[in-house]
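A short worksheet on the structure shown next.
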Amino acid sequence: MDTLLRLLRSFSAPNVFNPWTDTDPALDLSEEGPRMRCVRLRAHLQTDPLLLLIGEAPGFRGCRITGVGFTSERLVVEGAVPRVTTNGARISSRATPFSEASASIVWGALYRHGLAERTVLWNAFAWHPHQSGNGQTNRTPTKQELDAGKDVLKELLRAFVGTPIVAVGRTAEVSLKRLGVIPQACFRHPAMGGATDFRRGLARWAAESTEATDGAMTLSLTA
């Protein structure tokens, strides 16, 4: 994890917010934000996962604040994110914690299928890409950005080698395949009307994995 965090913290690019080094005066409660995000990410990664769920990139309502993919501050404060404990401590200065639709959909589905405790959430591009001059926006990472961030993705996969990998969205699927990794399944991203398809995809994967391993859910990575 030390190598992974070092790579995460060393990255810098225009119109990209690094949650683990950067402080956002408009959203962060204090300059402790980056340190707190590192602590929470470390806690999230301390597991022997049954599943790696790889998305596209952090959003400004989610991982930009929390440091954990597909996770909103509301879910963290409510204690809904396993291993990530806060004792009520906040990172954002917003009157109420951000709620992020995709995060709620993903965690709801993980709990429904008994996967929440042993799933690691990550992104093909680990940092938050935003529109020029406006950190409170989201955009798709460019091919150049994805290429620049591939070492972090490779390090994450190396840390959890042998764990089944599922891509959430086309960007994640393409990024994994560029590394020579064939995801075990590809789900539609829950944003922009994809919630039902995502839930169906995870339900199907959970059922097939359980059947194939007699309930153990320890499938090997395809590639």
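Hey, can you tell me all the residues within segment 91-101 that are surrounded by fewer than 17 Cβ atoms within 10 Å (Cβ to Cβ) and either assigned to a loop (DSSP other than H, G, I, E, B) or among the aromatic types (Phe, Trp, Tyr) (or both)? Answer for segment 91-101, where residues must be surrounded by fewer than 17 Cβ atoms within 10 Å (Cβ to Cβ) and either assigned to a loop (DSSP other than H, G, I, E, B) or among the aromatic types (Phe, Trp, Tyr) (or both): 93, 94, 95, 96, 99. Restricting 72, 104 to those that are within 13 Å of the chain's Cα centre (by Cα) and surrounded by fewer than 21 Cβ atoms within 10 Å (Cβ to Cβ) reduces the list to 104.
Here's the yes/no breakdown for (1) more than 23 Å from residue 132 (Cα to Cα); (2) part of a helix (DSSP H, G or I):
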{"residue": "6", "(1), (2)": "yes, yes"}
{"residue": "20", "(1), (2)": "no, no"}
{"residue": "38", "(1), (2)": "yes, yes"}
{"residue": "42", "(1), (2)": "yes, yes"}
{"residue": "48", "(1), (2)": "yes, no"}
{"residue": "53", "(1), (2)": "yes, no"}
{"residue": "65", "(1), (2)": "no, yes"}
{"residue": "74", "(1), (2)": "yes, yes"}
{"residue": "80", "(1), (2)": "yes, no"}
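With the structure loaded, tell me whether residue 137 is under 16 Å from the mean Cα position of the chain (by Cα), closer than 23 Å to residue 105 by Cβ and at pLDDT 95 or above or whether it fails that test. No. When we screen 142, 163, 196 for residues that are of a type in the set (Val, Ile, Thr) and either closer than 24 Å to residue 40 by Cβ or crowded, with 21+ Cβ neighbours inside 10 Å (or both), the only hit is 163. Residue 111 meets the conditions (1) assigned to a loop (DSSP other than H, G, I, E, B); (2) over 24 Å from residue 13 (Cβ atoms) in every case but one. The failed one is (1).
The values are calculated or read from the model by the stated rules, or taken from the named source; none is laboratory data. Small disclaimer: the values here were computed from a predicted structure and weren't measured. With ideal geometry, Cβ positions are generated from the backbone for all residues, glycine too; neighbour counts draw on all protein chains shown.
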